[in-house]
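Heads up, the thing below is written out as structure tokens.
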Amino acid sequence: METIFGIFSMEFWYVAPILVALTTSLTGVINQGLNIKQAWLKQLISWVIGSGLSVGAWALKILVFGNPIWLGIFCLCVVVGLASNGFYDIPTIKKFIDSWFVKKEK
């Protein structure tokens, strides 16, 4: 679990809300510009934009992950996608992930 714990750094939780805000804004502009009505298509566009921004943040070294890098990028894509589509908010997701790392008493 050390690898997974290293992925969810404090830096991760600072960058994720910024990406969520950008994803939501860009998705809204695209949906209004193309006059999209189908909810599933709006969500798909949001997931694609969120994933693209997540990969872009890593490529621009705004966020650095340890090994395996693909796992960190995947986790960021999932968090950004869930939050930007309104399924969960960032504090709820963070609380859920933090619950994975409860230290056992000896």
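The values are calculated or read from the model by the stated rules, or taken from the named source; none is laboratory data. Keep in mind the model is a prediction, meaning the values are calculated, not measured. Every residue, glycine as well, gets a Cβ built from its backbone with ideal geometry; the counts of neighbours run over all protein chains shown. Accessible surface is based on the protein model in full, side chains and every heavy atom, while ligands, DNA and RNA are left aside. Shrake-Rupley method; radii C 1.70, N 1.55, O 1.52, S 1.80 Å.
Here Ile49, Ile73 are screened, and the one residue that is closer than 17 Å to Phe8 by Cα and of a type in the set (A, V, I, L, M, F, W, C) is Ile73. Looking across region 83-100, the residues that are under 19 Å from Gly28 (Cβ atoms) and assigned to a helix (DSSP H, G or I) come down to Ala83, Ser84, Ile90.
Among the residues of region 49-82, those that are in a helix (DSSP H, G or I), open to solvent by 20 Å² or more (accessible area, probe 1.4 Å) and touching a residue at least 60 places away in the same chain (Cβ under 8 Å) comprise Leu71, Cys75.
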